[in-house]
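The structure appears right after this line, and notes come after that.
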Amino acid sequence: MSAVRKFFPVPLRSVLVPVFALVVAAAFMVLWSGPLPGWLVPFAGLLLLATVLAAVHHAETIAARLGDPYGAILLALAVTMIEVALIVSVLLKAPAGTSEIARDTVFAAIMIVLNGIVGICLLVGGIRFREQDFVARGAVGALAVLATVAVLALVLPNYTLAVPGPVYATPQLLFVAIVSLGLYALFLFVQMVRHRGDFSDPRVEELAEHKPGGRALGIALFLLPAALLGVVLLAEILAPSVEHAVERAGLPAALVGVVIAMTVLLPEGTAALRAARANRLQTSLNLALGSALASICLTIPAVAFLSIALGQPLTLGLEAEHIVLLLLSLFVATLSLAMGRTTILQGGLHLVIFAAFLTIAAIP
């Protein structure tokens, strides 16, 4: 056992679970093309949860070694790349005219992050520590970029006259795609180089004492993409069962986008919650807001370029009730994070908005 521990300076389950998940996912994809048999759905769900926990472990190892904000950025980019691949695969298989999945998934990701993940992190941190501090400048800067791209991508298409409906004309779509990439690149430059201190955990010196070794970092860098790929493959395998259940229950089709977003964001959400419980709210917010930014700033350009290449219209504009929820979420998040100190009150507010989002998403 000591020899194994020396070679794998990480819990053995975090090494075996991602590999097992990939093997099981490959077997499922070969044996079943539609919904899984009912008796296999709980097994696939439990394996998905175990793979998420393994991904969180490797993400925390990388974050502890690299420090803030690099660990959060790496996890956000890895998760978003797989999210984009999943959305693109759905778009390529979808019949002409059904292009709302990207809009629904991106919107759901923003609502889950701003209200679900941030809300529960603030509430749990407030219950445990009464008040938690962080650097407000970094959080507000991230919210400013998120608000700009969200309004340009998800709200403005409803009010353009070039093309009827919530659809951009090709030049407009190109502009939004390029601006999204440019703003994200600018944000990363500010976060990693120009104003890195605005995103660094105030307890960085204390955390530096517990850095993992180089071997643990190498294993985490190799197994984190494998674990995230296992999460997405299992989610895609479970998707037909979810779609079938949604259809049988008479629920809105947009709920599928919510399920996709929640599944993809599970690793980051779990890591953010664990950071908040350890009184590292700065890390928690870096993970949460970084994932929301990466989701919209990278997904929108990817689906935009695919839409132009395929000549398929891309529905981006949100419906009226979703616009109201989006603007309310951005407004409340700005108020909550502008002072650099949070209590259970802010967490409760965000969770109420999240409950309203889930209620609207679930009612036809």
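The values are calculated or read from the model by the stated rules, or taken from the named source; none is laboratory data. From a predicted model like this one, the values you see are computed outputs, not experimental measurements. Note that each Cβ is placed from the backbone with ideal geometry, even for glycine, and that neighbours are counted across all protein chains shown. For the accessible areas, the whole protein counts, side chains as well, though only heavy atoms, and no ligand, DNA or RNA atoms are used. Shrake-Rupley method; radii C 1.70, N 1.55, O 1.52, S 1.80 Å.
Residues of region 1-32 that are small (Gly, Ala, Ser) and either surrounded by fewer than 19 Cβ atoms within 10 Å (Cβ to Cβ) or modelled with pLDDT under 75 (or both): 2, 3, 26, 27. Can you say whether residue 305 is under 28 Å from residue 200 (Cα atoms), assigned to a helix (DSSP H, G or I) and modelled with pLDDT of 85 or more, as far as the supplied structure shows? So residue 305 fails the test. Residue 212 fulfils the conditions (1) modelled with pLDDT under 70; (2) open to solvent by 20 Å² or more (accessible area, probe 1.4 Å); (3) part of a helix (DSSP H, G or I) except for a single criterion, (3). Taking the criterion of being surrounded by fewer than 21 Cβ atoms within 10 Å (Cβ to Cβ), under 19 Å from residue 108 (Cα atoms), in contact (Cβ under 8 Å) with a residue 12 or more places away in the chain and not hydroxyl-bearing (Ser, Thr, Tyr), would at least one residue in region 281-290 satisfy it? The answer is no; no qualifying residue exists. Quick one: is residue 272 touching a Cys at 6+ places or on another chain (Cβ under 9 Å), under 19 Å from residue 146 (Cα atoms) and in a helix (DSSP H, G or I)? Yes, satisfied.
What about residue 331, is it over 30 Å from residue 127 (Cα atoms), of a type in the set (Phe, Trp, Tyr) and open to solvent by 60 Å² or more (accessible area, probe 1.4 Å)? Against the criterion (over 30 Å from residue 127 (Cα atoms), of a type in the set (Phe, Trp, Tyr) and open to solvent by 60 Å² or more (accessible area, probe 1.4 Å)), residue 331 does not qualify.
Looking across region 33-47, the residues that are open to solvent by less than 20 Å² (accessible area, probe 1.4 Å) and in a helix (DSSP H, G or I) come down to 44, 47. Look at residue 187 and say whether it is surrounded by 15 or more Cβ atoms within 10 Å (Cβ to Cβ), at pLDDT 85 or above and over 18 Å from residue 303 (Cα atoms). The answer is yes for residue 187. Here the condition is being surrounded by 16 or more Cβ atoms within 10 Å (Cβ to Cβ), part of a helix (DSSP H, G or I) and touching a residue at least 24 places away in the same chain (Cβ under 8 Å); of 351, 318, it holds for 351 alone.
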